[in-house]
Amino acid sequence: MADEVRQELARLHGVSPDQILIGNGSDELIYLLGWAYLAGGGSVVCADPAYRMNTVIGTIVNARITQVPLRDWHHDLAAMARIEADIAFVVNPHNPTGTLHSRESLVRFIESSRAKLIVVDEAYIDFCDDPEGTTAISLTGSGRVAVLRTFSKAHGMAGLRIGYLLASPEIIRTLRTIRPPFSVGTLAQAAAVASLRDRTHFTEMRDYVCANRTALSELLAAHGFSVVPSQSNFVLAEVPAADRLIEHLRLSGVAVRPGASLGVPGTVRVSVPSHAGLELIAAALTTWAAQIPATADPA
Ligand SMILES: Cc1ncc(COP(=O)(O)O)c(C=O)c1O
């Protein structure tokens, strides 16, 4: 299934098409991994906070879930490596923090981890400074590492629902036996192929996001917020009076994600905007700064 997309991806990543499984978004592939490797008394280790679907699938299949608190906003890979598990999920860059681990630290983790299968979710990797030098794709040949990718982020195709898994042919065969046969429509497949072939547009959009990420981080820092260094298409910032700030931004036409809903209270996660969006945020923060001495709760 999805032969043309798989061939295009195989060329891009230097793997064979039988190492690729296309899914209805990478979330479907996370579900398939859960059904295949966690159902019937399995165990999973992931970060705390984790990307939500990692704990959702664990709960659905009744797996034992161990969440390891972040350390300095990063996965605590040394602590995660000590946990015995059927699957270890590492999200790189992480959601909701945007922090990144180098390939060297991933290699060290894989060598020392007690997990049987390590799933590296690279949904946001195209936004990092050195995607080729960071990706874990070259580690998938061992049969112990699988890499998740999606067209929802850097390719801007979230609504079309298409993502993919890179893994050993054996893992791909296992997942194919339990997958719904026609979960990815032909429109999504055609759009994915077109997007893969237009590298110029892809690179321009990625560079635009990365430049605006720098501008957004600087803007937030200039307002005194502590900004987590991001390698993603969003920025997490620690803010005082988070609820009131979020409401102020909302009334100013800016929607941000409350960190409290992502397991990081006292923060906001701001998606990297367009130039016009940056101006809107700048104006909203200026009016916020003007009123904050009167309204901010220092606690
Ligand atoms: C880390 C991570 N993985 C996977 C996904 C799911 O992406 P998809 O749209 O491909 O299902 C998301 C979406 O927010 C995500 O943040």
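The values are calculated or read from the model by the stated rules, or taken from the named source; none is laboratory data. All of these numbers come straight from a predicted model, not from anything done at the bench. Quick reminder, even Gly has a Cβ in these numbers, built from the backbone with ideal geometry, and neighbours come from all protein chains shown. These area figures cover heavy atoms from the full protein model, side chains too; ligands, DNA and RNA do not enter into them. Shrake-Rupley method; radii C 1.70, N 1.55, O 1.52, S 1.80 Å.
Helix 199-222 and the longest principal axis of the C-alpha atoms of the chain enclose an angle of approximately 40°. Here each label is just a point 7 Å from Cα along the line to Cβ, and for Glu111 and Ala211 those points are 4.0 nm apart. Using a Förster distance of 45 angstrom, determine the FRET efficiency expected from the C-beta separation of Met1 and Ala290, and round it to 0.05. Rounded to the nearest 0.05, the efficiency is 0.20.
When the solvent-accessible surface of protein heavy atoms is calculated with a 1.4 angstrom probe, in what order do Cys210, Cys46 fall, highest first? List each step's numbers first, then the result.
Numbers: Cys210 30, Cys46 0 Å².
I get Cys210, Cys46, largest accessible area first.
Relative to the longest principal axis of the chain, what angle (0 to 90°, nearest 10) does the C-alpha long axis of helix 275-295 take? For helix 275-295, the angle is close to 50 degrees. Relative to the longest principal axis of the Cα atoms of the chain, the long axis of helix 103-112 lies at roughly 60 degrees.
Mean-square fluctuations from a GNM of the chain, with a 10 angstrom spring cutoff on Cα atoms, peak among His101, His74, His201 at His201.
Inter-label distance, Glu204 to Arg244: 4.4 nm, where each label sits 7 Å from its Cα along the C-beta direction. When the alpha-carbon atoms of the chain are used, the pair Rg, Dmax equals 19.8, 62 angstrom. Counting only DSSP beta bridges whose two residues both lie in the chain, roughly 50 percent are antiparallel.
Ignoring ligands, DNA and RNA, what percent of the accessible area of the chain is carbon or sulfur (1.4 Å)? Whole-percent figure for carbon plus sulfur exposure: 54.
Dividing the convex hull volume of the alpha-carbon atoms in segment 200-295 by its residue count gives 91 Å³ per residue.
Rolling a 1.4 angstrom probe over the protein heavy atoms, how many square angstrom per residue are accessible across the chain? Working shown, then result.
On the way: 13210 Å² over 299 residues.
Value for the chain: 44 Å² per residue.
Around the Cα centre of the chain, unit charges on the Cβ atoms of Lys, Arg, Asp and Glu (plus for the first two, minus for the last two) sum to a dipole of about 600 debye.
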